[in-house]
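*Asks:* Here's a structure for you.
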Amino acid sequence: MINTLIKVCKRDWVFKKLKHSKYLILEHGHDEVFSSYLKNSDIEFVYFNKEINFYLVIKLLINFKKLSQLNYYKLAIEISDPKKIITATDNNKNFYKLKKYYKKKKFISIQNGYRNDEELFESNGDSQKFKCDNIFCFGHQNINYYKSKIDAKIIPIGAIRNNFISTFKNKKIINCLTYISEFRLEKSISYKKFNYNKIYNLSFEHYNDFLSSEIKIIKLINSVCKKKNIPFYIVGSSDMYQDEEKKWYQNIIKEKKINFIPKKSYRSSYDFLIRSKYIANIDSTLGYEFLARNKKIIFFSRKINNSKKINDLWNFGWPSVYKKKGFFFTNELNIKEAERLLNNMISSTKKNWISKINPFKKKIMNFDPGNKKLLKVIK
């Protein structure tokens, strides 16, 4: 209890009493989308992971209740008395425990990141099968896994933010190849064994492979673009560490002047990628979203030595895609493969490109412009 309280005290505090609401949104994730679709007067947002509501904590302590995420959620539901409880944190076990306490309320979960099986529910002794009314997932490959863990109706719709952002007509397309950054601040640090923290659930040796293959991919793409005389751009992923991110790429490419597009808002990356003629990606969710939009995008998989299991988890389209190489993806990191993928993008007509990617799209990432399927359920 004391340890939990210490952790909670380190978070940002919100001094706001909850009101009765039609919708209760639990945890961060697509808040701007919910605010656009639903009336603000009908919504209450409650966070436990990064922010904490002062009044909820005090009420739990006064009533001698354990300060846990589950109790915090239950109290928020009892005070706001919503008809529908929604989360975009789809791997939060406590959310799926709530239905048994409030059977008449509707619980809706929305997938918010491209995950492999182990990322959704790591085993920690929970043997119960969770419950939820609806889960909106990216693609058909997710349906059976969610069903094996959660009693719910699973509906593939793609990524709701991608569905929310419209493709602007008559926007000028930039003749360039844009790489989707996967920068994290930890990557800018020169890692040594003694200061390594476990990242992505990888050992120090495997993380070295993870990082070195990412650097190799960036160099390969830049090299092929120069050879083909195609401008190479990088769309940033960090809105907090833009200078560090830019320097990291300058150091990799060994050039001071690079075409770096910093992330200014959640929309800025989408806006630039929509205008980019070609896109390159490793395994970011954003890359799969643009595959769903029929954009010309190529995928390079990282190479992790001495571990088939880890390699499989990081391959394109895992777990539904077993091929290591295809028309627009590869796990071979060499100049010949990079040229092959780029040539396929350049030479393909729009019709031919769509015919090549269609067999993969439905499995991996759907696209529902305007989130019509989601709105049908939540409104």
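Where a number appears in this text, it was derived from the coordinates with a stated rule and is not lab data. All values reported here derive from a predicted model rather than from experimental measurement. Methodologically, a virtual Cβ is constructed for each residue, glycine included, from the backbone with ideal geometry; neighbour enumeration extends over all protein chains shown.
*Asks:* Quick one: putting +1 on the C-beta of Lys and Arg, -1 on the C-beta of Asp and Glu, what dipole do you get for the chain around its Cα centre, in Debye to the nearest 20?
*Replies:* It comes to approximately 980 debye.
*Asks:* Relative to the first principal axis of the alpha-carbon coordinates of the chain, what is the inclination of helix 335-347, with its axis defined by its Cα atoms, in degrees from 0 to 90 and to the nearest 10?
*Replies:* Roughly 80 degrees between the two axes.
*Asks:* If the cut-off is a Cα-Cα distance under 15 Å, which aspartates and glutamates reach K373, setting aside same-chain residues fewer than 8 apart in sequence?
*Replies:* List returned: D133.
*Asks:* Report the charge-dipole magnitude of segment 67-113 in Debye, nearest 20, computed about the Cα centre from +1 at each Lys and Arg Cβ and -1 at each Asp and Glu Cβ.
*Replies:* Approximately 300 debye in magnitude.
*Asks:* Hey, another quick one. Using the charge dipole of segment 2-156 (Lys, Arg: +1 at Cβ; Asp, Glu: -1 at Cβ; taken about the Cα centre), state which of A76, T87, S36 has its Cα farthest towards the positive end.
*Replies:* A76
*Asks:* Moving to a separate point now. May I ask for the percentage of alpha-carbon pairs in segment 167-369 that lie more than 22 Å from each other?
*Replies:* When every Cα pair of segment 167-369 is considered, 49 percent fall beyond 22 Å.
*Asks:* At 1.306 mPa s and 10 °C, plugging the Kirkwood radius over alpha-carbon pairs of segment 2-156 into Stokes-Einstein gives what diffusion coefficient in µm²/s?
*Replies:* Translational diffusion coefficient: 98 µm²/s.
*Asks:* Mind grabbing the base-10 log of I(q)/I(0) for segment 254-379 at q = 0.11, 0.12, 0.20, 0.22 Å⁻¹? Debye formula, identical points on the C-alpha positions, no solvent, two decimal places.
*Replies:* -0.45, -0.54, -1.27, -1.40
*Asks:* Of Y233, Y266, I310, which is farthest towards the positive pole of segment 167-369's charge dipole, taken about the Cα centre with +1 and -1 on the beta-carbons of Lys, Arg and Asp, Glu respectively?
*Replies:* In segment 167-369, that residue is Y233.
*Asks:* Would you kindly state how much longer the chain becomes between K59 and K356 on full extension, computed as 0.36 nm times their sequence separation minus their alpha carbon distance, in nm to one decimal?
*Replies:* Gain on stretching K59 to K356: 101.2 nm.
*Asks:* What is the angle, in °, between the Cα long axis of helix 69-80 and the longest principal axis of the Cα atoms in the chain? Nearest 10 is fine, range 0 to 90.
*Replies:* That helix lies at roughly 60 degrees to the long axis.
*Asks:* Oh, and also: For each pair in K39/K171; K50/K83; K22/K103; K74/K97; K100/K372, compute the distance between the two Cα atoms and list the pairs where it is over 20 Å.
*Replies:* Correct reply: K39/K171; K50/K83; K100/K372.
*Asks:* Moving on. What is the angle, in °, between the Cα long axis of helix 266-275 and the longest principal axis of the Cα atoms in the chain? Nearest 10 is fine, range 0 to 90.
*Replies:* Its long axis makes an angle of about 30 degrees.
*Asks:* Please list the equivalent ellipsoid semi-axes of the chain, computed as the square roots of five times the alpha-carbon gyration tensor eigenvalues, in descending order and whole angstrom. Let's see the in-between values first.
*Replies:* Values: eigenvalues 289, 114, 85 Å².
Square roots of five times the eigenvalues give 38, 24, 21 Å.
*Asks:* If the limit is 32 Å between Cα atoms, which of K147/K379; K99/K296; K247/K351; K84/K356; K256/K325; K66/K149 go over it?
*Replies:* K99/K296; K247/K351; K84/K356; K256/K325
*Asks:* Hey, another quick one. Quick check: net charge around G158, other residues with Cβ under 11 Å of its Cβ, Lys/Arg +1 and Asp/Glu -1?
*Replies:* Net charge in that neighbourhood comes out at +3.
*Asks:* Continuing with this model, one more query. Would you calculate a helix-derived [θ] at 222 nm for the chain, using -39,500 (n - 2.57) for each DSSP H run of n ≥ 4 and dividing by the full residue count, to the nearest 500?
*Replies:* -11500 deg cm²/dmol
*Asks:* Could I ask something else about it? Please give the net charge around D31, taking every other residue with its beta carbon less than 13 angstrom from that of D31, where Lys and Arg add +1 and Asp and Glu add -1.
*Replies:* Details: positive: K50, R161; negative: E27, E32, E44, E51.
That works out to -2.
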